[in-house]
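This report refers to the structure that appears directly beneath it.
The values are calculated or read from the model by the stated rules, or taken from the named source; none is laboratory data. Quantities reported herein were computed from a predicted structural model and do not represent experimental measurements. Cβ atoms come from the backbone with ideal geometry, glycine included; neighbour counts cover every protein chain shown.
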2 protein chains.
Amino acid sequence: MGALHEGHLSLVRNARDRCDRLVVSIFVNPSQFGPDEDFDDYPRELAKDMDLLQQEGVDVLFSPRRDQIYRDGHQTRVSLHQLTAPLCGLNRPDHFAGVTTIVAILLQIIQPNTVYLGRKDYQQFRIIERMVQDLFIPTEVVGLPTIRERDGLALSSRNANLSEQGRKRANSIIRGLQNAKDAFSNGTTSVDTLRNIIASEVKKRCDAVHYIAIVDKKTLQPIDNVNRPAVMAVAALIEGVRLIDNLEIEPIQ
Amino acid sequence: MGALHEGHLSLVRNARDRCDRLVVSIFVNPSQFGPDEDFDDYPRELAKDMDLLQQEGVDVLFSPRRDQIYRDGHQTRVSLHQLTAPLCGLNRPDHFAGVTTIVAILLQIIQPNTVYLGRKDYQQFRIIERMVQDLFIPTEVVGLPTIRERDGLALSSRNANLSEQGRKRANSIIRGLQNAKDAFSNGTTSVDTLRNIIASEVKKRCDAVHYIAIVDKKTLQPIDNVNRPAVMAVAALIEGVRLIDNLEIEPIQ
């Protein structure tokens, strides 16, 4: 969706190393924003983005107009009914159908061998991976690690909408997650206990918490005990800006 | 879905003339049948179908098992929300989401330049045409004319489930449609009048009528007067067998 930061550029560099032809799409997709969400306020910096992509040696920037994608009479939706229900699906009920529809369209237009996604949007990554598998879209889905500020805050275009004071509070999410990961490394596997560890940081410093969840990393279904690969995920509001982050954890076999 | 008849073979011959490589899919798709519909009774004649396709010079028959298409955890649906609502959508609410999902999957697996569909399933043809357009699937959609018995009955795999007596009554659908088309050619453009002409044949001879509709041929929305290209479509039951047929009509400009 543009307003590129080092997280996006890390995807670009990884893809640049591995691909003959590299296409980047920038499209602030209206159908994935709810009626009360920040579509109008979402940062848009196309001229700056173009410079950055040129410096990274991107071959093609695909930045269509809204009416070129959603043409007169458009009415087709691609949706998933399990992976989209928990986590961000609770607060953003139609969000992921908007995401899967636009990603299906972009994959059809661009026909890439491989698509590179960030794991910061973890649920989105798992949903797109599943959609590609279910529809037999001939594209490999690669999820790459989250890129962070020095204090650990996950890079996000939305961080630009935080005040200096809000920015300082924003690292509470990764601090909570990291504390839980440390506890897990030291033998704590109870999801209740790990959630409380995360909550004690996040609830203290964020204005509202949408969810703190520890779920199976593939199905995103709730678990009681981290006895399989899992992801710990948080969504919280600071100054009206919705921030998400996650860490994967996995028992040593 | 197999149980091939001359309607299917007409598609095959048209495609054979126009294409270098010709793939036919046969898959009785469970997700397009409702819970009380005829999935179990749908005719299946794969060995005979293979012979017929070999005689026609088909290059590849793609006939996957159900669990090869709908794999563990499958949850993705492709759906349209306008074209699917009227006509057959009234009696078969989830039917077309099953159709569009399987067709999207088949197009991804086979990646054809062109897909050939019959116009007997007129609504299905328009829905698939729209889906391909909306998702930018790089396939051309071609709809070919309905093939008929000598008495006009549209060929359908389901005709095999009619008794001799039911078979005789089944041509009332095309007779009603043809009478209306003749009236239209003679200047009748009122949809009410044309529908009554169709109904007087169909209601007399069929066991139940699901719909008799005259709609815009692209949007499938109701019209009062045939002042634009339209389609007259009927669905009716004979001996529990659901039969559909249609004729296109168009004002002379």
Heads up, the helices (runs of 4 or more DSSP H) in region A:140-253 (entirely inside) with at least 2 residues that are touching a Leu at 6+ places or on another chain (Cβ under 7 Å) and in contact (Cβ under 8 Å) with a residue 12 or more places away in the chain are A:172-185
When every residue in region B:80-109 that is in a helix (DSSP H, G or I) and polar (S, T, N, Q) is compared, the one nearest to the other protein chains (Cβ to nearest Cβ) is B:108
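Looking at region A:59-79, which of its residues are β-branched (Val, Ile, Thr), under 24 Å from residue B:128 (Cα atoms) and outside any helix (DSSP H, G or I)? Give the steps one after another, and end with the answer.
Looking only at region A:59-79, we keep the residues that are β-branched (Val, Ile, Thr), and these are A:60, A:69, A:76, A:78.
Within this subset, residues satisfying the condition of being under 24 Å from residue B:128 (Cα atoms) are A:69, A:76, A:78.
The answer is A:76, A:78.
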Of the conditions (1) touching a residue at least 12 places away in the same chain (Cβ under 8 Å); (2) out of contact with any helix residue (DSSP H, G or I) (no Cβ under 7 Å at 6 or more places or on another chain); (3) in a helix (DSSP H, G or I), the single one that residue A:112 does not satisfy is (3)
Across (1) charged (D, E, K, R); (2) within 14 Å of chain B (Cβ to nearest Cβ); (3) surrounded by 19 or more Cβ atoms within 10 Å (Cβ to Cβ); (4) assigned to a loop (DSSP other than H, G, I, E, B), residue A:130 clears everything bar (4)
With criteria (1) outside the structural domain of residue B:96 (by TED's automatic domain parsing); (2) in contact with a strand residue (DSSP E or B) (Cβ under 7 Å, 6 or more places away or on another chain); (3) surrounded by 15 or more Cβ atoms within 10 Å (Cβ to Cβ), residue B:139 comes up short on (1)
Within region B:23-58, of all residues that are free of Cβ contacts under 8 Å to residues at least 24 places away in the same chain and in a loop (DSSP other than H, G, I, E, B), the one nearest to the chain's Cα centre (by Cα) is B:39
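Condition first: more than 27 Å from residue B:42 (Cα to Cα) and surrounded by 22 or more Cβ atoms within 10 Å (Cβ to Cβ). Now tell me which residues in region B:162-191 satisfy that.
Here is the first cut: in region B:162-191, the residues more than 27 Å from residue B:42 (Cα to Cα) are B:178-191.
If the condition is that a residue be more than 27 Å from residue B:42 (Cα to Cα) and surrounded by 22 or more Cβ atoms within 10 Å (Cβ to Cβ), then B:180, B:184 are the ones that fit.
Give the number of residues within region A:215-253 that are of a type in the set (Val, Ile, Thr) and in contact with an Asp or Glu (Cβ under 9 Å, 6 or more places away or on another chain). Steps first, please.
If we filter region A:215-253 for residues that are of a type in the set (Val, Ile, Thr), which is where we start, we get A:215, A:219, A:223, A:226, A:231, A:234, A:238, A:241, A:244, A:249, A:252.
Retained after the next criterion (residues that are in contact with an Asp or Glu (Cβ under 9 Å, 6 or more places away or on another chain)): A:223, A:226, A:231, A:234, A:238, A:241, A:244.
So the answer is 7.
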Conditions (1) crowded, with 17+ Cβ neighbours inside 10 Å; (2) touching a Ser or Thr at 6+ places or on another chain (Cβ under 8 Å) -> residue B:105 fails only (2)
For residue A:116, the lone unmet condition from (1) more than 10 Å from every other protein chain (Cβ to nearest Cβ); (2) surrounded by fewer than 19 Cβ atoms within 10 Å (Cβ to Cβ); (3) modelled with pLDDT of 95 or more is (2)
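Can you find a residue that is modelled with pLDDT of 95 or more, at positive phi and crowded, with 16+ Cβ neighbours inside 10 Å anywhere in region B:73-87?
Here is the first cut: in region B:73-87, the ones modelled with pLDDT of 95 or more are B:73-87.
Subsequent filtering for residues that are at positive phi retains B:73, B:87.
Pick out the ones that are also crowded, with 16+ Cβ neighbours inside 10 Å and you get B:87.
Yes, some residue in region B:73-87 is modelled with pLDDT of 95 or more, at positive phi and crowded, with 16+ Cβ neighbours inside 10 Å.
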